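Have a look at the structure below before the remarks.
Nothing in this text is a laboratory measurement; each read-out follows from the coordinates by a stated rule. Predicted model, so just to flag it, every value in this text is computed and none were measured. Reconstructed Cβ throughout: ideal geometry from the backbone, glycine too, with neighbour counts over all protein chains shown.
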Amino acid sequence: MAGSSKDSNPEQVVSPMPQIWLCHETPGGDPEIPGWLTDYERKTVAKFGGPRKREYLTSRWLIRQAISRTSGELVSDCRPVPGRPNRSEVPSGFYLSLSHSHGLSACVAGPVAGLGIDIEPLQRHPQWHKVVKRWFTPREQEWLFRTDDPGNFLVTWTLKEAWLKATGRGIANNLQTLEVLEGFELYGDQDDSDWSAYCYECEGFLVTLVCRQPGITGQPGWPSIQLLQPPAEDFGLGEAEDLDTYWEPHVQRIIHPATRTE
């Protein structure tokens, strides 16, 4: 099954559902700082230069596009909270997660707390055996080394990254709080069964979302994923145009409480 980011998805039957937006960075030199940044964002971007500065501005532009499309408010009226952009400040009541890698930014937004997104190029898996041996559980090591497939590692890694973002934790000492077993059977350290995971292949990247969906029974449809036209060279904050792209579904799973494996 493949989807177009401009097509309606007949499987998307649960509302509200988080939505994903993607955007490639606009090529160019050192950009001017746009006037729509908050004071906090101005202080932050002043620390950067070159590609890192452009990456930061692209991600902040994309966050506002995501808030606007989720809330229905004008993009010029939207902004995230200061600090880590895990929710919207204006308008309030919406939650966010952000990821960027190798020139692509991704933002997921929705009305329910507990969102985490991670993106990685499909071919990126340097020294993955060392990562698995050091940071993964014995059961994860067994099946990943036995199958010896870097693609399995990449899915597992992005699931863990997205899980930690969704549950509000950093990587240090937390990678084993989500155990990924063979067949991508998932067990997390949360007590409820409201968590779901989705992996897509899109734009040459693996796009992985973990989200909390209270009250859902069974596996819902796929959250929408939409590629936007990159911002203009001056990072003007008008409404972005949708671009046509195609995505392939890869993994869709419920995350079970870890107590089920004991």
Q: Averaging sequence separations of C-alpha pairs under 8 Å and six or more residues apart, then dividing by the length of the chain, give the relative contact order as a whole percent.
A: 26 percent
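Which ordering of Trp143, Trp195 is given by a fewest-first count of other beta-carbon atoms within 10 Å?
Working: Trp143 16, Trp195 25.
Listing Trp143, Trp195 from fewest to most nearby Cβ atoms yields Trp143, Trp195.
Fully extended, how many nm does the chain gain between Phe48 and Asp149 (0.36 nm per residue separation, minus their Cα-Cα distance)? Show your work: numbers first, answer last.
Values: separation 101, 0.36 × 101 = 36.36 nm, distance 3.67 nm.
Difference between extended and current length: 32.7 nm.
Take the alpha carbon gyration tensor of region 24-122, find the square roots of its eigenvalues, order them as a ≥ b ≥ c, and report rounded if a/c is under 1.5; if not, report prolate when a/b exceeds b/c, else oblate. Walk me through the numbers on the way to the answer.
Details: a/c = 1.87, a/b = 1.28, b/c = 1.46.
In terms of gyration-tensor shape, oblate.
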Q. With r defined as the distance between the Cβ atoms of Asp192 and Asp30 and R0 fixed at 35 Å, what FRET efficiency is calculated, to the nearest 0.05?
A. 0.15
(Q) For region 17-261, what are Rg and Dmax over the alpha carbons, in angstrom? (A) 18.1, 53
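As a test, work out the antiparallel percent of DSSP beta bridges whose residues both lie in the chain, rounded to the nearest 5.
Here the share of antiparallel DSSP bridges comes out near 85 percent.
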Q. Once the dipole of region 17-261 is set up with Lys and Arg at +1 and Asp and Glu at -1 on Cβ about the Cα centre, which of Val210, Pro138, Trp36 lies farthest towards its positive end?
A. Pro138
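Using the crude model of +1 on Lys and Arg Cβ and -1 on Asp and Glu Cβ, and no other charge, please compute the dipole size for the chain relative to its Cα centre, in debye to 20.
My answer is approximately 860 debye.
Taking R0 as 51 Å, what FRET efficiency do you get between Asp77 and Asn173 from their Cβ-Cβ distance, rounded to the nearest 0.05?
On the way: r = 40 Å, r/R0 = 0.78.
Step by step, r from the Cβ atoms, then E = 0.80.
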Q: May I ask which residue of Gln123, His250, Leu227 lies farthest towards the positive end of the charge dipole of the chain, with charges of +1 (Lys, Arg) and -1 (Asp, Glu) on Cβ and the Cα centre as origin?
A: Gln123
**Q.** Reduced Cα scattering model of region 199-262, Debye log10 I(q)/I(0), q = 0.28 Å⁻¹
**A.** -1.23
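Relative to the present Cα-Cα distance, how much length would full extension add between Ala232 and Glu185 at 0.36 nm per residue of separation? All intermediate terms of the calculation are to be shown ahead of the outcome.
Numbers: separation 47, 0.36 × 47 = 16.92 nm, distance 4.20 nm.
Extra length available between Ala232 and Glu185 comes to 12.7 nm.
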Q: Would you be so kind as to identify all helices of the chain, as entire DSSP H runs, whose Cα atoms reach 15 Å or more along the helix's own axis and whose mean Kyte-Doolittle hydropathy is at least -0.5?
A: 150-166
Q.
Within region 157-194, name every residue whose backbone N is under 18 Å away from a label modeled 7 Å from Cα of Gln141 along the Cβ vector.
A. 157, 173-182
